[in-house]
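Before any comments, here is the structure.
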Amino acid sequence: QVQLVESGGGLVQPGDSLRLSCAASGRTFSLYAMGWVRQAPGRERETVAQISSAGINTYYSDSVKGRFTISRDDAKNTVYLQMNGLKPEDTANYYCAARFQMGDPSSLVYSNWGQGTQVTVSS
């Protein structure tokens with residue numbers, strides 16, 4: 001089991017960048033595939049990015065492809081989400097989540113979730 005704590009959210013203007021971090025506790029972080037899942041007000045949660053346990057494979061939703069980059073540093077037990085070219089429609093609470101296989105991005109079944117960090121994009 002890992003415990004996850006997100007940070008890095010905030011209020012930014014359209015076109016700005018943010019980097020979200022998710023710090024994990026526990027010695028088994030490197031065994032987990034990690035995902036960033038967001039939920040906007042009145043909308044269902046959606047997976048925006050995933051990275052495999054070895055960091056070799058990644059997935060991005062069409063809505064963020066080319067703008068967001070997921071990465072991980074297993075030495076620091078941390079996964080990142082670099083968000084560039086932010087748009088108002090990126091406004092959401094962003095959650096970090098862990099599971100042993102990347103799996104289907106449409107599946108929101110993860111073994112561990114963080115508390116979330118709010119990202120607001122507004123002029």
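Of the residues 24, 49, which is modelled with pLDDT of 95 or more and within 10 Å of the chain's Cα centre (by Cα)? Of 24, 49, the one residue that is modelled with pLDDT of 95 or more and within 10 Å of the chain's Cα centre (by Cα) is 49. Looking only at residues that are open to solvent by less than 50 Å² (accessible area, probe 1.4 Å) and either among the charged types (D, E, K, R) or not in a loop (DSSP other than H, G, I, E, B) (or both) in segment 110-123, which one is modelled with the lowest pLDDT? Filtering segment 110-123 for residues that are open to solvent by less than 50 Å² (accessible area, probe 1.4 Å) and either among the charged types (D, E, K, R) or not in a loop (DSSP other than H, G, I, E, B) (or both), the one modelled with the lowest pLDDT comes out as 112. I'd like the residue in segment 20-47 that is under 14 Å from residue 110 (Cα atoms) and either among the aliphatic types (A, V, I, L, M) or part of a loop (DSSP other than H, G, I, E, B) (or both) and, out of all such residues, is most open to solvent (accessible area, probe 1.4 Å). It comes out as 31. Is it the case that residue 107 is within 15 Å of residue 33 (Cβ to Cβ) and either open to solvent by 30 Å² or more (accessible area, probe 1.4 Å) or not in a loop (DSSP other than H, G, I, E, B) (or both)? So residue 107 passes the test. Is it the case that some residue within segment 69-77 is open to solvent by 20 Å² or more (accessible area, probe 1.4 Å), more than 17 Å from residue 98 (Cβ to Cβ) and in a strand (DSSP E or B)? Yes, segment 69-77 contains a residue that is open to solvent by 20 Å² or more (accessible area, probe 1.4 Å), more than 17 Å from residue 98 (Cβ to Cβ) and in a strand (DSSP E or B).
Would you tally the residues in segment 69-93 being within 14 Å of residue 47 (Cβ to Cβ) and touching a Leu at 6+ places or on another chain (Cβ under 6 Å)? Summing the residues that are within 14 Å of residue 47 (Cβ to Cβ) and touching a Leu at 6+ places or on another chain (Cβ under 6 Å) in segment 69-93 gives 2. So which residues in segment 85-104 are of a type in the set (D, E, K, R) and either open to solvent by less than 30 Å² (accessible area, probe 1.4 Å) or within 21 Å of residue 30 (Cβ to Cβ) (or both)? Answer for segment 85-104, where residues must be of a type in the set (D, E, K, R) and either open to solvent by less than 30 Å² (accessible area, probe 1.4 Å) or within 21 Å of residue 30 (Cβ to Cβ) (or both): 90, 99. For residue 65, state whether it is surrounded by fewer than 16 Cβ atoms within 10 Å (Cβ to Cβ), touching a Pro at 6+ places or on another chain (Cβ under 7 Å) and more than 17 Å from residue 3 (Cα to Cα). No; evaluated as a whole, the condition is false for this residue. Within the set 80, 59, the sole residue that is assigned to a strand (DSSP E or B) and out of contact with any Pro (no Cβ under 7 Å at 6 or more places or on another chain) turns out to be 80.
In segment 88-108, the qualifying residues are those that are of a type in the set (S, T, N, Q) and at pLDDT 95 or above, and the one that is farthest from the chain's Cα centre (by Cα) is 91. Of everything in segment 2-19 that is assigned to a loop (DSSP other than H, G, I, E, B) and at negative phi, the residue that is modelled with the lowest pLDDT is 2.
The values are calculated or read from the model by the stated rules, or taken from the named source; none is laboratory data. As the structure is a computational prediction, the values presented were derived from the model and not from experiment. Quick reminder, even Gly has a Cβ in these numbers, built from the backbone with ideal geometry, and neighbours come from all protein chains shown. Calculation scope for accessible area: heavy atoms of the full protein, side chains included, ligands and nucleic acids excluded. Shrake-Rupley method; radii C 1.70, N 1.55, O 1.52, S 1.80 Å.
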